[in-house]
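The values are calculated or read from the model by the stated rules, or taken from the named source; none is laboratory data. Since the structure is predicted, the reported quantities are computational estimates derived from the model, not experimental observations. No Cβ is skipped: glycine too gets one built from the backbone with ideal geometry, and neighbour counts run over all protein chains shown.
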Amino acid sequence: MQLFRSKRFEKQFAKLSSKAKEKATERLLIFVVNPFDSILQNHSLTGVFLGCRSISITGDIRAIYLEVDRDTAHFLLIGTHHELYGK
């Protein structure tokens, strides 16, 4: 799986704590090997993110991506559940 990160994703990633950055890096490595590993809790989204998918980084941090094709994912956003979904 090939990963791309949007500029916004990179900016949001830079603002994460060092522990959250480590966990995100770990989860993205898992994603490259198996995007549907159960630890990622990969699921499709609705509403304004219709067509996108989300993976779990920590209990509260999520990463939203767009599946470009079977072998390519473009990560768009990363942040807490509240920051991303406003809930």
Open item on the list: Would you confirm whether or not segment 59-68 contains a residue that is charged (D, E, K, R), modelled with pLDDT of 95 or more and closer than 16 Å to Lys23 by Cα?
Closed with: yes
Task: Near pairs, Cβ below 9 angstrom, 6+ apart or cross-chain, from segment 1-22 (under 12 Å from Ile61 (Cα atoms) and free of Cβ contacts under 8 Å to residues at least 60 places away in the same chain) to any residue that is of a type outside the set (Asp, Glu) and part of a helix (DSSP H, G or I) - done: Ala20/Phe13; Lys21/Phe13; Lys21/Ala14
Task: Residue among Tyr65, Tyr85 that is aromatic (Phe, Trp, Tyr) and under 9 Å from the mean Cα position of the chain (by Cα) - done: Tyr65
TODO: Report, by residue number, each residue of segment 18-50 that is modelled with pLDDT under 95 and among the small types (Gly, Ala, Ser).
DONE: Gly47
TODO: Would you please name the residue that is surrounded by the most Cβ atoms within 10 Å (Cβ to Cβ), looking only at residues in segment 33-87 that are in a loop (DSSP other than H, G, I, E, B) and touching a residue at least 24 places away in the same chain (Cβ under 8 Å)?
DONE: Ile57
